[in-house]
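Written out below as structure tokens is the structure these notes cover.
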Amino acid sequence: RSGVCSSRSSVSIKLINTRETAQAIKGMHIRKANKYLRDVVVKRQCVPFRRYNGGVGRCAQAKQFDWTQGRWPKKSAEFLLHMLKNAESNAELKGLDVDSLVIEHIQVNKAPKMRRRTYR
């Protein structure tokens, strides 16, 4: 099977927001995921918070996912849009049909803590 990859490391965005956003687009076609993430940025659709949902408010937009809690993590959505754009470019370079791409695997890991001196 042929596919494309796109990855970034040590990015300063919130892990929990990005994880929930990534789970929301997993299994989607790449065009549908692009539209969904653009809608999240302008608050037309929400990201359902399923695992890390302590203190997350309820919203009516989460009903379409059979859930009650949701948010609109703008920075995470914009970051994942850039990742999808990169994956599309990689697919074109490989000569694959971009319209038939599906997000099969998506993974979010915690970035390392940046070390610094504490001056006294």
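Relative to the current alpha-carbon distance between Glu104 and Leu15, full extension at 0.36 nm per residue lengthens the span by 30.1 nm.
When the helices in the chain are scored as -39500 (n - 2.57) per DSSP H run of 4 or longer and the sum is shared across all residues, what 222 nm value do you end up with, to the nearest 500 deg cm²/dmol?
On the way: 3 runs with 44 residues, N = 120.
Using -39500 (n - 2.57) per qualifying helix, the result is -12000 deg cm²/dmol.
Relative contact order, whole percent, for the chain stands at 37, derived from Cα pairs under 8 Å and 6 or more residues apart.
A Cβ-based charge dipole, computed about the Cα centre of region 12-120 with Lys and Arg at +1 and Asp and Glu at -1, lands at about 960 debye. Protection proxy ranking, highest mean first, for peptides 5-16, 107-118, 40-51: 40-51, 5-16, 107-118, where packing is the per-residue count of other beta-carbon atoms within 10 Å, averaged. For region 15-100, the convex hull spanned by the alpha carbon atoms encloses 90 Å³ per residue. Legend: calculated FRET efficiency, Phe65 to Ser89, from the Cβ-Cβ distance at R0 = 30 Å, rounded to 0.05, equals 0.55. Across all directions, the average projected area of the convex hull around the alpha carbons of region 8-51 is 3.6 nm².
None of the figures in this text is laboratory data; all of them are computed from the coordinates on show. Please read these numbers as outputs of a predicted model, since none were measured by experiment. Glycine also receives a Cβ, built like all others from the backbone with ideal geometry; neighbour counts cover every protein chain displayed.
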